[in-house]
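No lab work stands behind these numbers, since they all come straight from the coordinates. All values reported here derive from a predicted model rather than from experimental measurement. Cβ: placed from backbone, ideal geometry, glycine included. Neighbour counts: every protein chain shown.
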């Protein structure tokens, strides 16, 4: 095996290790986001899911990215409803 093949093998292994580290972290941020969402802490859920989204994109996990985008949409919608409700209460 030549030096180029060794470098390529090492690079592939390092890339896979990075993905193996990122996936559990992204899953953890997804869980935090869901816990925050379920306790109606939408801003905290949004922050958690945005962090997860970045990680899903880094590892090119389209399913994780799609689920997280859907979760973000729900959190923004819930936050918008709560804010508009608060605005009408002031009028």
Label points 7 Å out from Cα along the Cβ direction at residue 34 and residue 19: separation in nm?
2.3
Output the Cα-based Rg and Dmax of segment 32-91 in Å, rounding Rg to one decimal and Dmax to a whole number.
13.2, 47
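How do the peptides 63-69, 43-49, 77-83 rank, highest first, by the average count of neighbouring beta carbon atoms within 10 Å per residue? Write out the running numbers ahead of the final one.
Working: 63-69: 15.9, 43-49: 20.0, 77-83: 12.4.
Packing order, densest peptide first, comes out as 43-49, 63-69, 77-83.
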